[in-house]
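Enquirer: Here you go, one structure.
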Amino acid sequence: MCVLGALAGCASAPSGPPVDAPSLVVGDRWQYRVTDNLRRGATSLLDVEVTAVAGTTAQLRFRYADDFARTQWVNQVDGRGGLSSGVLGRPIERPFDPPVQLLAFPLAPGKTWRQVINTFRTDLDLDGQILIYGKVDGQAPASAPAGTYEAIYVYRVVQLDDDEFWRTRTTRRDAIWYAAEVKAPLREAREAEYTEMDGPDSATIRTESRVFELVSFRPGPL
């Protein structure tokens, strides 16, 4: 936790009031600079925009571009911070029932949550599971290229449903600085890995080491 949290002083931030779920509207748009530490600090751009809202459910379009490719996908999120469909881990859009609780609003200092989501691996015709653990720490000012905002720190562990006979599931550890004023994370650091299980030469393989920093936020029309 402190390896990721060192970027924000770990869990030493002061406490504050709970942070409620954002009220997303069509046209809300965020742009993030993504720094890939597994590629010697190569940077890319992530563009996220709310394209539809129905009740408490919002549709978000993600556009990711680097020097090699451009990709796009759509996530559906509920009003509690849950991912009901979209991309998580494997690069395919799929539904999640129940929604994956990536954030558990309201975010109150000291709050924790755990979740087990049963899935079905269509690629292997096998059942799988996604495991979630989250812990909310205190609030303090945090900075990104978009500016300095009051943010609440969240530590999250995501274990994906991608294990096979020769390897463990991927474990991703996320450090998140969520800013209510911009309705989204101001900054997020991700570290992910899995371990081979094929004998004495097995090794732990790092699959992700990226930092997402908010460059701009444009609220949609009210």
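The values are calculated or read from the model by the stated rules, or taken from the named source; none is laboratory data. Here the structure is a predicted model, which means the values were calculated and not measured. Counting neighbours? That spans all protein chains shown, and the Cβs are built from the backbone with ideal geometry, glycine included.
Enquirer: Here are ARG63, ARG121, ARG90: which of them is basic (Lys, Arg) and in contact with a Phe, Trp or Tyr (Cβ under 9 Å, 6 or more places away or on another chain)? Quick ask: steps written out before the conclusion?
Expert: Working: ARG121 fails: in contact with a Phe, Trp or Tyr (Cβ under 9 Å, 6 or more places away or on another chain); ARG90 fails: in contact with a Phe, Trp or Tyr (Cβ under 9 Å, 6 or more places away or on another chain).
None of the others qualify; the one that does is ARG63.
Enquirer: Looking only at region 121-164, count how many residues are closer than 20 Å to VAL211 by Cα and of a type in the set (Asp, Glu).
Expert: 2
Enquirer: Hey, another quick one. With a cut-off of at least 2 residues that are under 19 Å from ARG172 (Cα atoms) and in contact with a Leu (Cβ under 9 Å, 6 or more places away or on another chain), name the strands (runs of 3 or more DSSP E) lying wholly within region 32-90. Talk me through it step by step, then tell me what you get.
Expert: On the way: elements: 42-54, 57-65, 70-77, 82-88.
Correct list: 82-88.
Enquirer: Moving on. What single numbered condition from (1) in contact with an Asp or Glu (Cβ under 8 Å, 6 or more places away or on another chain); (2) crowded, with 19+ Cβ neighbours inside 10 Å; (3) within 21 Å of ALA21 (Cα to Cα) fails to hold for VAL157?
Expert: The number of the failed condition is (2).
Enquirer: Next question. Looking at region 13-22, is at least one residue among the hydrophobic types (A, V, I, L, M, F, W, C), at pLDDT below 95 and surrounded by 14 or more Cβ atoms within 10 Å (Cβ to Cβ)?
Expert: yes
Enquirer: From the residues in region 48-86 that are hydroxyl-bearing (Ser, Thr, Tyr) and over 25 Å from ASN37 (Cβ atoms), which one is surrounded by the most Cβ atoms within 10 Å (Cβ to Cβ)? It would help to see each step written out before you state the result.
Expert: First, pick out the residues of region 48-86 that are hydroxyl-bearing (Ser, Thr, Tyr): 51, 56-57, 64, 71, 84-85.
So of that shortlist, the ones also over 25 Å from ASN37 (Cβ atoms) come out as 51, 56-57, 84-85.
Values: THR51: 13, THR56: 12, THR57: 16, SER84: 15, SER85: 18.
Top of the filtered list is SER85.
Enquirer: Also, I was wondering about something else. Can you find a residue in region 188-204 that is crowded, with 17+ Cβ neighbours inside 10 Å, in contact with a Phe, Trp or Tyr (Cβ under 6 Å, 6 or more places away or on another chain) and part of a strand (DSSP E or B)?
Expert: The answer is yes; a qualifying residue exists.
Enquirer: If you don't mind, another one. Restricting to region 177-187, and then to whatever is free of Cβ contacts under 8 Å to residues at least 40 places away in the same chain and buried (at least 20 other Cβ atoms within 10 Å of the Cβ), can you tell me which residue is farthest from LEU46 (Cα to Cα)?
Expert: Step by step, filter region 177-187, then rank; the result is ALA179.
Enquirer: Here's another thing I want to ask about it. Keeping to region 63-86, report how many residues are out of contact with any Gly (no Cβ under 8 Å at 6 or more places or on another chain) and closer than 13 Å to LEU46 by Cα.
Expert: Looking only at that region, the number is 9.
Enquirer: Shifting gears a bit: Looking only at region 116-137, count every residue that is surrounded by 15 or more Cβ atoms within 10 Å (Cβ to Cβ) and either among the aliphatic types (A, V, I, L, M) or more than 17 Å from ARG173 (Cα to Cα) (or both) and tell me the total.
Expert: Count: 7.
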